[in-house]
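Data first, discussion second: the structure below is written as structure tokens.
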Amino acid sequence: MSEMAQPRPIVKVVVPVGGMGTRLLPATKSQPKEMLPVGRRPVVQYVVEELQAAGLREILFVTGRKKSAIEDHFDPDPELVRTLSSGGGYELLSELDYTETAARFFYTRQSVPRGLGDAVGHAREFVGDEHFAVALGDSIIMSRDGTSLLRDMIAAHLRSGAACTVAVEEVDPAEVYRYGIVRPKGEIGADGSFAVDDLVEKPRADAAPSNLAIAARYILSPAVFDAISRTAPDRNGELQLTDSLRLLLQLGMRVQGVRLRPNERRYDIGNFESYFKAFIDFALADEKYGYMVRQYVKRKAREI
């Protein structure tokens, strides 16, 4: 399909969840990091709720070893429903509403974790000739006013005719080596969107083109699959999606960024420090238990 042709509405999304989660051992030895609880829900449930709010209803999980708990979590459980119903646990039944959804779930296996580019490449048959979204399964994007970053990214992508639209966030310049970093081409618009001039995967701090880091959400053209197939592995033998997006630029295609707004925050559940911070924030904001947690934290703060 020509990049200039108007793509169909975007309804498909790829959620890579095949990583081993070694930085969260031993908590992740027997369960996926995407299933770690943040407040009262596992990480990946927040991600799926975000996807559904953006109108993405065909969801492909790219899984790996020891990831079956993710499939189990989104499957209806009639036996559990019967047990709760017969025991009068009607209030608890509402906690299972997330399994009653119009979304369709698909699964494919990345047997050997060979990088994000390789994981996205596994979706080629699922995507076909459609534009699609990618949402990393270990990153939560939260908005304080209920707006949808992904929905806005999709709209910007369809308007622009871009081959790729990436979410970006500002990070500490000393931390750029942890991320894919983009270089804007010209000014960033009032709506936070801008053309991307270059992308670099995990640059040195003194060589980074900016401190704008790719923030775990992408809208992609199917042209990315050919770019992935032409991308050389890095020194660890992995295919980096950032390198494939850079190739799209080099082939003359448009890549654009959309910066997270002040009311939006990304929680990257990649290490214990970020995980603890996410859990605290979500626990404090919990509608049912937040007040009690806030009172407890205030008492503890006086002891520190």
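The values are calculated or read from the model by the stated rules, or taken from the named source; none is laboratory data. Values in this document were obtained by computation on a predicted structure and should not be read as measured data. Cβ sites come from the backbone with ideal geometry, for glycine too, and all protein chains shown count toward neighbours. These area figures cover heavy atoms from the full protein model, side chains too; ligands, DNA and RNA do not enter into them. Shrake-Rupley method; radii C 1.70, N 1.55, O 1.52, S 1.80 Å.
Rundown of residues vs (1) over 23 Å from P262 (Cα atoms); (2) touching a Lys or Arg at 6+ places or on another chain (Cβ under 6 Å); (3) among the hydroxyl-bearing types (S, T, Y), yes/no style:
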residue: G117; (1), (2), (3): yes, no, no
residue: E125; (1), (2), (3): yes, no, no
residue: A133; (1), (2), (3): no, no, no
residue: A155; (1), (2), (3): no, no, no
residue: L158; (1), (2), (3): yes, no, no
residue: A174; (1), (2), (3): no, no, no
residue: V182; (1), (2), (3): no, no, no
residue: G192; (1), (2), (3): no, yes, no
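Quick check on my filter: what residues within region 270-303 are more than 22 Å from L136 (Cβ to Cβ) and outside any helix (DSSP H, G or I)?
Correct list: D286, E287, K288, Y289.
Any idea how many residues of region 215-231 are of a type in the set (S, T, N, Q) and surrounded by 24 or more Cβ atoms within 10 Å (Cβ to Cβ)?
Number of matching residues: 1.
Go through (1) open to solvent by 10 Å² or more (accessible area, probe 1.4 Å); (2) touching a residue at least 12 places away in the same chain (Cβ under 8 Å); (3) under 26 Å from Y267 (Cα atoms) one by one and return the number of the condition V182 breaks.
The number of the failed condition is (1).
Working carefully through the options E264, E287, find the one that is modelled with pLDDT under 95 and in contact with a Leu (Cβ under 6 Å, 6 or more places away or on another chain).
Just one listed residue meets the conditions, E264.
Restricting attention to region 137-157, which residues are of a type in the set (V, I, T) and either under 17 Å from V62 (Cβ atoms) or open to solvent by less than 40 Å² (accessible area, probe 1.4 Å) (or both)?
I140, I141, I154
Kindly indicate whether any position in region 122-136 is touching a helix residue (DSSP H, G or I) at 6+ places or on another chain (Cβ under 9 Å), open to solvent by 20 Å² or more (accessible area, probe 1.4 Å) and free of Cβ contacts under 8 Å to residues at least 60 places away in the same chain.
no
Out of the residues in region 107-120 that are open to solvent by less than 30 Å² (accessible area, probe 1.4 Å) and of a type in the set (G, A, S), state the one that is farthest from L56 (Cα to Cα).
My answer is G115.
Can you tell me which residues in region 270-288 are free of Cβ contacts under 8 Å to residues at least 12 places away in the same chain and either aromatic (F, W, Y) or touching a Lys or Arg at 6+ places or on another chain (Cβ under 6 Å) (or both)?
Scanning region 270-288 gives a single hit, F276.
Specify which of the listed residues (V44, V48, V62) is among the hydrophobic types (A, V, I, L, M, F, W, C), open to solvent by less than 30 Å² (accessible area, probe 1.4 Å) and part of a strand (DSSP E or B).
From the options V44, V48, V62, the qualifying one is V62.
Could you go through region 293-303 and let me know if any residue there is open to solvent by less than 70 Å² (accessible area, probe 1.4 Å), touching a strand residue (DSSP E or B) at 6+ places or on another chain (Cβ under 7 Å) and at pLDDT 95 or above.
Within region 293-303, not a single residue is open to solvent by less than 70 Å² (accessible area, probe 1.4 Å), touching a strand residue (DSSP E or B) at 6+ places or on another chain (Cβ under 7 Å) and at pLDDT 95 or above.
Here's the yes/no breakdown for (1) among the aliphatic types (A, V, I, L, M); (2) more than 17 Å from the chain's Cα centre (by Cα); (3) at pLDDT below 80:
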position: A54; (1), (2), (3): yes, no, no
position: G64; (1), (2), (3): no, no, no
position: K67; (1), (2), (3): no, no, no
position: D72; (1), (2), (3): no, yes, no
position: E79; (1), (2), (3): no, yes, no
position: T83; (1), (2), (3): no, yes, no
position: E91; (1), (2), (3): no, yes, yes
position: D97; (1), (2), (3): no, yes, yes
